[in-house]
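Derivation of every value follows stated rules applied to the coordinates shown; laboratory data play no part. Fair warning: this is a prediction, and the values are worked out from it, not measured in the lab. Neighbour counts run over all protein chains shown; Cβ positions are idealised from the backbone, glycine included.
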Amino acid sequence: MIAFDILLGLGMLLAAAGVFWSADLFRAIVMFVVFGVLLALAWLRLQAPDLALAEAAIGAGLTGVLLLDTLSVLRAKKTAAGKLPPVDQQLLNTFTSTRACAAQNNHGKGHENLRFLAVGLLSLGILIALQAALFMRPEAAVNLPSMVAEGIPDAGIEHPITAVLLNFRSYDTLLEVAVLLVAVIIGLSLRIPSNSNEQQAPSSALIGARQAAYAGVISEDGGNDPILRNFTQRLIPLVLVTGGYILWAGSTMPGGAFQAGALIAAAGVIARLAGYNIASRVDQLLRFGLVLGFLVFLTVAASVMFGGRPFLNYPDGWAGSLIFFIEAMLTFSIGLTLLSLFVHSPGDGAEPNAKSSQRSVKSGSTVGSDNGVGNRPPGNSGKAEADHD
Amino acid sequence: MSLLLTIVQTILIGTGVLFFLVGSIGLLRFPDTYTRIHALTKADNLGLGMLVVGLLPFANSPQQALKILLCWVLILAASSVSAYLVANKLQNEEPDA
């Protein structure tokens, strides 16, 4: 097994180097996903299957999708860059040709080598310092694993990780969920409003870019492609069931709300890429769903105080059911949060900024929807099909 | 009996890995997207099937065996659909190819 571990470590180093050294951003993202998968394997080898699940689902899967989405939007924007204000163009250039800019800024090869040397020495120094600190650390004053093992019978849940996350250290998890909620609120508020006139032009340009990007990611007739549609229809229920299983499994073995939420988000992302626009049509419900997990968690945490208990201290005998209830709600909200970060990212043609255009597409597409497959303009076709489904 | 099983398993897994290797070499060496898809999906799916068959006797319980089979079906479906999507996209972009 030691040979496998060494190979794994070398592979991770190579993948990390690939992320930083590939001139093509697409290749860098692919290397990033590869790195995530290898990292998940490394967590497995370190006997941390919970982390492995989270890394594979969120680190490699969803982050990779978000990065690819961003890249395709940026590229589509770059081709249509003439319509954008200068600030946006500057931003675009920073993102899409960072390496080219960096190369321009370098005055000569020797300068670059010197910089590499300095960074390399600094990294080596930090590595040695960290190793030294690790070897010189004192024995832990408190044996946390044995404390967890002692506490498990009262925790109401068998799996130590879930017990730590939702009972012993539930305060941290509560704040984590709050951070996620804030992140998605910021993400949603970054959407470009279309009601103010001066921003109308870049907004529509962005929507166009997003749609064009989607035409680049999948075939432009996404929702109408019979193979993709049939595959998606069969795959999504399976992914959702797996999500439920992972949530349920979290009480006795690796699994839990975050991993299950990531799977639910993945189902949404697959649906979105296949041309189904679910999230955009239930805006109010979506907002409710986003806060539901945090709200339930906070309500349970605070309502135990009525019985004279401290904040987040579950009543005896109720811990198991309460934890599972909180986890189920968290799964739903985390799934929606991760999905929203993907579906409602800035530049998306989704509601509410596209409501007017959506409506016009709707009326237009009733005429055009009987066109043959594939000869449709990339413009708003995905949206039109989503409306028809 | 168990020795025979081990030999058969070793052969199956070894051939499976070999097919993966050949598929990956094909991915790197073939000139255009269509041939690369061909190399990847054909060779890798065959290799995957051999790996699955080779791993099945290792399964500790029927549930685990079913999970391995489920993985097999899912990977087959995903790889064939993604191969189709890539090829279809390419076909739409350059109809002459």
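Summary of values
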item	result
Note, ³J(HN,Hα) from phi for segment A:59-70, Karplus 6.51, -1.76, 1.60, rounded to Hz, x at Gly and Pro	x, 7, x, 5, 5, x, 4, 4, 5, 4, 4, 4
Summed side-chain charge close to A:Ala260 - residues other than A:Ala260 whose Cβ falls under 14 Å, Lys, Arg +1, Asp, Glu -1	-2
Mean ellipticity per residue at 222 nm, deg cm²/dmol - from DSSP H runs of n ≥ 4 across chain B, formula -39500 (n - 2.57)	-27500 deg cm²/dmol
Overall form of segment B:2-93 per C-alpha gyration tensor (a/c, 1.5; a/b vs b/c)	oblate
Within segment A:259-343, chymotrypsin sites (Phe, Trp or Tyr not before Pro) in DSSP loop having at most 15 other beta-carbon neighbours inside 10 Å	A:Phe311, A:Trp318
Karplus (6.51, -1.76, 1.60) ³J(HN,Hα), θ = phi - 60°, over segment A:232-237, in Hz, Gly and Pro reported as x	4, 4, 7, 6, 4, x
In sequence order, calculated HN-Hα J values of segment A:155-165 (Karplus, 6.51, -1.76, 1.60; Hz; x Gly/Pro)	6, x, 8, 8, 6, x, 5, 4, 4, 5, 5
